[in-house]
Amino acid sequence: MKRYIVELIGTFWLIFTGCGSSIITVAFPEFGISYVGVALAFGFSILTIYYAVGGVLGCHLNPAVTIGAIAAKRTGINEGIKYIAFQLLGATLGAGILYLIVTDNEFMEIGSFASNGFGKHSPLGFGVIACFITEFIMTFFFVFIFLRVTLKTKNSNLSGLIIGLSLTLIHLVSIPITNTSVNPARSTSQAIFTDLIWPLEQLWLFWLAPLSGGIIAGLVYRKFNTV
């Protein structure tokens, strides 16, 4: 049960701090955070929670990582399903608390609520193909890196730092394209609370691309480890 609680708490922290930086802090440009600050916030969020609990209990915090671990035969199917359920719950709780905070400020609007999108809802107007490719590739490398650096046979002292830096790098590149998902739980939780329709309509891409990338990463990891 501790593993599932870690997934809930960790995903809550990822959404509350990562998406919170995008929703709240960027709304005040004088703070100087910009999209670079958002990228760092996501990286720091996973880095900090990983060192708190991940070294002992896994800390996937992402259905794409879990599906990759299943494909890599590092996680069982039944266990993986429970991981994903707790990730979705944690993400939804994190987004829900952010919603309560934002709606208690008369000068802020919910708007897209840091949702992911493509086409006219992409930050720079990238089409569905470009957004799918971006999410697929970014998730593939994130999951592959996660699986490799968390091998029990490796020195794990730097694992959290490597995972956090990789997520930061991913956001630096892909925020202008999709607002960066690589995590279906992150996309789903934000789409639930926004007062717009399009985040739910476009949510399919931010499940399909990350899960596909995660599965391929898990299969490549297995092949890589047999060479």
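The values are calculated or read from the model by the stated rules, or taken from the named source; none is laboratory data. Everything numeric in this text was worked out from a predicted model, so none of it was measured. Ideal geometry is used to build each Cβ from the backbone, glycine not excepted, and the neighbour counts take in all protein chains shown.
Results, tabulated for the structure shown:
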read-out	value
A185 being at pLDDT 95 or above, over 23 Å from G58 (Cβ atoms) and buried (at least 20 other Cβ atoms within 10 Å of the Cβ)	no
Hits in the stretch 128-179 - residues which are within 20 Å of T11 (Cβ to Cβ), β-branched (V, I, T) and outside any helix (DSSP H, G or I)	T150
The lone exception for I129 - which of (1) under 19 Å from the mean Cα position of the chain (by Cα); (2) within 25 Å of V220 (Cα to Cα) it fails	(1)
Evaluation of D195 against (1) part of a helix (DSSP H, G or I); (2) over 15 Å from the mean Cα position of the chain (by Cα); (3) surrounded by fewer than 19 Cβ atoms within 10 Å (Cβ to Cβ); (4) not hydroxyl-bearing (S, T, Y) (one fails), failing number	(1)
Residues that are at pLDDT 95 or above, part of a loop (DSSP other than H, G, I, E, B) and surrounded by fewer than 22 Cβ atoms within 10 Å (Cβ to Cβ), drawn from the stretch 108-122	S122
Hits in the stretch 49-68 (condition: modelled with pLDDT of 95 or more and assigned to a helix (DSSP H, G or I))	P63, A64, V65, T66, I67, G68
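Rundown of residues vs (1) buried (at least 20 other Cβ atoms within 10 Å of the Cβ); (2) closer than 21 Å to T168 by Cβ, yes/no style:
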{"position": "G37", "(1), (2)": "no, yes"}
{"position": "G43", "(1), (2)": "yes, yes"}
{"position": "C59", "(1), (2)": "yes, yes"}
{"position": "A64", "(1), (2)": "yes, yes"}
{"position": "A69", "(1), (2)": "yes, no"}
{"position": "Q87", "(1), (2)": "yes, yes"}
{"position": "A91", "(1), (2)": "yes, yes"}
{"position": "G96", "(1), (2)": "no, no"}
{"position": "V102", "(1), (2)": "no, no"}
